[in-house]
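The values are calculated or read from the model by the stated rules, or taken from the named source; none is laboratory data. Everything numeric here is computed off the predicted structure, so don't read it as measured data. Note that each Cβ is placed from the backbone with ideal geometry, even for glycine, and that neighbours are counted across all protein chains shown. What goes into the accessible areas is simple: the full protein's heavy atoms, side chains included, and nothing from ligands, DNA or RNA. Shrake-Rupley method; radii C 1.70, N 1.55, O 1.52, S 1.80 Å.
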Amino acid sequence: MAGVSHPVIDLSRLLNAPLLCLEIPRNTSKWVPSRPHTSERKVHAMNRELELYVPVNEQNHDPRVACVLVMDVSYSMSGAPITALSDGYKVFIDEIQNDPLARKRAEVSVVTFGTSAHVVIPFQEAQRLQPTEFETDGSTDMAGGINLALDQLEERKSQYRAQHLEYFRPWLFLMTDGAPNHEGFEEALRRLNQAEAEKRVEVFAVGVGENVNWDVLKRVSKERGPLKLNGLAFAEMFQWLSASLSSVSESVNFGYDDSSHREPGEQIALPPVGWGTLQ
């Protein structure tokens with residue numbers, strides 16, 4: 001239009017300008033936009049990479065018992081085993097959410113390991129848990145699962161201390177149906193054994209099926225031997241776990257740091273194990 005001047009845009013300056021990126025803080029939930037032409041399976045795999053974070057509920061002043069479930073989801077768990085695991089986890093949620101004390105004192109996280117390890121459920125109060133369908137994935141990166149679980153536990157305990165919350169000695173509950181990958185396993189095992197020896201964690205190991213390397217699984221804990229699951233009795237196993245966490249949450253075995261805990265074997269009577277046999 002005559003008499004109207006238009007600004008001149010220097011395209012070279014725009015093309016050479018640096019991109020503006022948003023950095024998401026580590027300790028917040030992350031959102032990743034969907035990508036076009038990406039299959040649902042790839043989107044699901046991408047979402048599993050997210051390290052979701054649920055902050056400690058500041059309105060709940062009860063002491064906490066943190067329990068991380070370290071679940072083998074390698075391809076050998078395909079079919080009936082992975083279905084039974086998912087169904088058993090739902091039973092666990094139903095059981096623990098029916099306990100008025102454990103549902104707010106127990107905090108649960110789920111770490112799975114296949115080709116690699118992932119946090120599929122971040123630490124949160126049991127009353128917030130939702131059922132999930134586990135999926136199988138590749139080989140058996142147990143080392144990655146152990147390391148990620150220990151990292152999760154230490155971070156959660158630091159959050160309790162920051163909130164001036166007392167806590168029980170955390171639990172690490174590991175389940176596998178085979179033998180771990182060799183890479184990094186010895187280092188992860190030493191780290192786990194040291195944490196257990198220093199009374200920073202209670203360790204439980206469960207083997208599933210006939211292909212478990214029991215010589216390896218017996219090394220996971222120095223305090224107690226591994227248990228062999230009776231068939232696919234995941235529901236019974238998770239019922240026991242819920243009842244055990246309920247027993248812990250009703251005890252007075254808590255403090256503001258790891259050194260303040262009493263010996264749990266002398267103070268807390270756990271339910272009898274009817275779902276497995278000691279190896």
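Here is the figure for the stretch 212-230: residues that are part of a loop (DSSP other than H, G, I, E, B) and open to solvent by 60 Å² or more (accessible area, probe 1.4 Å) total 6.
Suppose we filter the stretch 160-211 for residues that are part of a helix (DSSP H, G or I) and either touching a residue at least 60 places away in the same chain (Cβ under 8 Å) or not polar (S, T, N, Q) (or both); how many remain? Before you say what the answer is, go through the steps one by one.
Keep residues of the stretch 160-211 that are part of a helix (DSSP H, G or I), which gives 160-162, 185-197.
Filter again for either touching a residue at least 60 places away in the same chain (Cβ under 8 Å) or not polar (S, T, N, Q) (or both), leaving 160-162, 185-192, 195-197.
Matching residues across the stretch 160-211 total 14.
If you check ASN181, ASN147, which single one turns out to be surrounded by fewer than 21 Cβ atoms within 10 Å (Cβ to Cβ) and under 28 Å from PRO63 (Cβ atoms)? Exactly one residue qualifies, and that residue is ASN147. LEU174 satisfies every condition listed in (1) of a type in the set (A, V, I, L, M, F, W, C); (2) open to solvent by less than 40 Å² (accessible area, probe 1.4 Å); (3) over 13 Å from the mean Cα position of the chain (by Cα) except (3). Checked against the criterion of being over 20 Å from PHE92 (Cα atoms), out of contact with any strand residue (DSSP E or B) (no Cβ under 6 Å at 6 or more places or on another chain) and open to solvent by less than 20 Å² (accessible area, probe 1.4 Å), the stretch 123-139 has at least one qualifying residue. Restricting attention to the stretch 191-219, the residues that are touching a strand residue (DSSP E or B) at 6+ places or on another chain (Cβ under 9 Å), among the small types (Gly, Ala, Ser) and farther than 17 Å from THR140 by Cβ total 1.
Among the residues of the stretch 238-249, those identified as in contact with a strand residue (DSSP E or B) (Cβ under 7 Å, 6 or more places away or on another chain) and either open to solvent by 40 Å² or more (accessible area, probe 1.4 Å) or modelled with pLDDT of 95 or more (or both) are LEU241, LEU245.
One line per residue, one yes/no per condition, for (1) within 16 Å of the chain's Cα centre (by Cα); (2) within 21 Å of HIS61 (Cβ to Cβ):
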residue: TYR167; (1), (2): no, yes
residue: PRO170; (1), (2): yes, yes
residue: ARG191; (1), (2): no, no
residue: GLN194; (1), (2): no, no
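For the stretch 250-274: of the residues being open to solvent by less than 80 Å² (accessible area, probe 1.4 Å) and of a type in the set (Gly, Ala, Ser), which is modelled with the highest pLDDT? Top of the filtered list is GLY274.
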